[in-house]
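The next block holds one structure in the form of structure tokens; read it before the comments.
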Amino acid sequence: MKVLAISGSLRADSHNTALLRMAAEEAPRGVELELWQGLKEIPPYDADDDGVPGPATVEALRDAVRAADAVLIATPEYNSSVPGALKNALDWASRPLATNPFRNKPVAVIGSSTGAFGAVWAQAELRKVLGAMGARVAEVELAVGHVHERVDEEDVRAGLRDSLEVLVATAQPALAA
Amino acid sequence: MSTTIEQTATPTGTWNADTVHSSLAFEVPYAVATFSGEVTDFEVSLTDGALAGKARIASLKVKDENLETHLQSPEFFDAERHPELTFISTAIRREGDSVEIDGDLTLKGITQPATLTGTITGPAVDHFGATRVGFKLQTVIDRTQFDMKWNMPLPNGEPALANDVTLKADLTLVQEA
């Protein structure tokens, strides 16, 4: 099973990107995580550019989502919400809604922050956005607060294992049953 | 011109819906008015006094393509995993033109008891010589009982979409020759 991992942060030393790399290490047998690295190249959404095909970088994102069996998104929280670049990429990917690659796609949202709450509000908003896009949002909640002090802690790794397990079960209910 | 044959008992024998002259619709309070839609691909039969119906969620129609997409997504009907709605009656009570039908309604893979109430017309012979019976039925379901929990708060804090949804079936059933 192929899981596309999307980080909502562009920073080279991003805690959320590190979380996804750790998730790749903790992935169960048969689950392969691929980190998507095209976020910075996605242009700001402009309906005038939203043709067929769309901008090449956007089409690459749509293809990557389409080719994946599931998606794992790790988001930071900016001003109590989803980072603009991540929301912008999802807005592009969601067009046109009826055929967008996130439709029925199993997606799990996790997040981390250097504050106490681990991006819970950004995660909640992201789940709302993904639901509106037609994604199959997995019932995963992993909020890693004070992430800079908790690098490589076993309970974070355990949380990632649990999150991936729920994502796999959401994607393959017949196998989980 | 039609001939009334009998108006006191539930018709026996086998009857199938003439879907051109039948409709399955829903109505739900949304903000300040009523939102409605219908499913166009369905079959209904009445066999020896038992009513059974099946509708394809993919044929759900509302007046906006994006809303259709949202309604078919996992947040609402989840048409990918639960492509059909079914109703199978367990008891039919007729008193004159009034009818009450108990049965099991399955929606999004969840089965709940439901009672349809309304009127029955006929049987009567139509202008082509076929014998028809009409049912005009409705029931109210709580959509949250079928795992459809989506909502958005209005500015006054009230939820935009009501939980109680009226399902309406206006059926013309034709007796098998």
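Values in this text are rule-based calculations from the coordinates and carry no lab data. Just so it is clear, the structure is predicted and the values come from calculations on it, not from any experiment. Don't worry about glycine lacking a Cβ; one is built from the backbone with ideal geometry, like all the others, and counts go over all protein chains shown.
Estimated translational diffusion coefficient (Stokes-Einstein, Kirkwood radius over Cα pairs, 25 °C, 0.890 mPa s) of region A:2-176: 153 µm² per second.
Note the direction-averaged projected area, equal to a quarter of the hull surface, for the Cα convex hull of chain B, in nm². Mind showing how you got there, number by number?
Details: hull surface 44.3 nm².
The orientation-averaged projected area of the Cα hull of chain B comes to 11.1 nm².
Semi-axes of the equivalent ellipsoid of the protein assembly as shown: what are they in whole Å, largest first, if each equals the square root of 5 times a C-alpha gyration tensor eigenvalue?
Working: eigenvalues 493, 80, 66 Å².
After diagonalising the Cα gyration tensor, the semi-axes are 50, 20, 18 Å.
Quick one, could you list the DSSP H helices from chain A stretching 15 Å or more along their long axis (Cα atoms) with average Kyte-Doolittle hydropathy of -0.5 or above? Present the calculation step by step, with values, prior to reporting the outcome.
Working: long enough: A:15-26 (16 Å, -0.33); A:56-67 (16 Å, 0.23); A:120-133 (20 Å, 0.47); A:154-171 (25 Å, 0.25).
Answer set is A:15-26, A:56-67, A:120-133, A:154-171.
Working note: Cα atoms of region B:44-102, range along each principal axis, descending, whole Å: 43, 23, 17. Among B:102, B:48, B:18, the largest mean-square fluctuation in a Gaussian network model of chain B (Cα springs under 10 Å) belongs to B:48. Estimated from helical segments only, the mean residue ellipticity of chain B at 222 nm is -1000 deg cm²/dmol, where each DSSP H run of four or more residues counts as -39500 (n - 2.57).
Taking other residues whose beta carbon is less than 12 angstrom from the beta carbon of residue A:90, and scoring Lys, Arg as +1 and Asp, Glu as -1, yields +4. Here is the size of region A:1-54 from its Cα atoms: Rg then Dmax, 14.5, 44 Å.
Peptide B:70-79 shows a mean partner chain C-beta count of 5 within 10 Å per residue C-beta.
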